[in-house]
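The structure under discussion appears below in the form of structure tokens.
The values are calculated or read from the model by the stated rules, or taken from the named source; none is laboratory data. Just so you know, these numbers come straight off a predicted model, no measurement behind them. Backbone-built Cβ (ideal geometry, glycine too); neighbour counts: all protein chains shown.
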Amino acid sequence: MIQIDDAGSGSLVGGTAVGILRIETNEYMWDVIPIKYFTSPYFENKRYEDYTLSIIKKYLKYLNVDKNEPIEICQGYIFNKTRDFLAKSNYNVKSTKISDPLQSLIESSFIDYCTQIGIPYDYLRYTKYPFHFHKMLRWVFADKKNRVKLCKTAWNSWKKYSDTQLQIHYDYIVTGNYICLKCGKKINTPSKIKVIEFTTNKKQFIYLHDNCRFSQ
């Protein structure tokens with residue numbers, strides 16, 4: 001059986017990972033839809049659907065998938081054109097919610113990709129929802145000038161909050177387990193810190209080393 005799934009289509013930061021797995025042999029391959037396909041005008045024109053289809057076609061050919069082998073494919077919007085192609089090409093395809101083993105594999109691959117583009121691994125690992133919109137927004141606003149290029153800027157949610165006013169002040173922490181969201185390194189305590197404050201659905205706070213000069 002073949003499984004097809006994605007990870008990151010709901011993450012503000014980064015492209016979207018697309019993966020395919022043959023369960024019986026554990027043959028697993030994945031690729032990333034580049035960020036540009038989630039910016040204007042590519043996103044509005046749904047060019048990400050074409051890119052996704054090209055990835056899946058390549059892997060179907062590599063795995064030599066015939067028309068009788070069962071294929072389970074994710075129901076997400078990323079795969080709209082791919083699902084149509086598979087059905088019209090008479091593949092044995094079923095649109096469904098994808099679970100393990102592929103779900104964990106592709107999510108792990110997407111986390112690896114995100115750490116490569118600069119998101120601290122520790123910022124992602126200790127949370128139930130590592131790619132929650134406001135969590136990613138805090139990371140972007142920690143170095144907005146250099147990180148906007150990593151965002152899905154055609155999203156309405158980004159357009160809603162992209163010009164949010166950022167207020168900066170300084171504070172002092174005595175205890176706690178914090179990382180600087182600009183450089184990704186631990187903030188030692190006790191320590192003076194730089195705080196970026198902004199409001200979306202609630203007040204949000206970003207903690208940085210008071211003199212961090214890291215550049216993305």
Problem set entry | Filter result for the condition that a residue is free of Cβ contacts under 8 Å to residues at least 12 places away in the same chain and outside any helix (DSSP H, G or I), over Asp171, Asp163 | Asp163
For this session: Could you list, in sequence order, all residues of the stretch 77-119 that are farther than 26 Å from Arg147 by Cα, out of contact with any Pro (no Cβ under 8 Å at 6 or more places or on another chain) and in a loop (DSSP other than H, G, I, E, B)?
Result: Ser89, Asn90, Tyr91, Thr96, Lys97, Ile98, Ser99, Asp100, Pro101
For this session: Go through the residues of the stretch 147-157 one by one and say whether even a single one is in a strand (DSSP E or B) and modelled with pLDDT of 95 or more.
Result: yes
Problem set entry | Members of the stretch 174-199 found to be under 14 Å from Val140 (Cα atoms) and part of a loop (DSSP other than H, G, I, E, B), listed by number | Cys180, Leu181, Lys182, Cys183, Gly184
Problem set entry | Criterion violated by Ile78 - all others in (1) of a type in the set (A, V, I, L, M, F, W, C); (2) over 30 Å from Trp139 (Cβ atoms); (3) in contact with a Ser or Thr (Cβ under 6 Å, 6 or more places away or on another chain) satisfied | (2)
For this session: May I ask you to verify whether Arg138 is basic (Lys, Arg) and without any contact (Cβ under 8 Å) to a residue 60 or more places away in the chain?
Result: no
Exercise. Can you name the residue in the stretch 40-76 that is assigned to a helix (DSSP H, G or I) and aliphatic (A, V, I, L, M) and is also surrounded by the most Cβ atoms within 10 Å (Cβ to Cβ) among such residues?
Worked result: Ile56
For this session: Give the residues of the stretch 87-130 that are within 15 Å of Ser9 (Cβ to Cβ), touching a strand residue (DSSP E or B) at 6+ places or on another chain (Cβ under 7 Å) and without any contact (Cβ under 8 Å) to a residue 60 or more places away in the chain, sorted by residue number.
Result: none
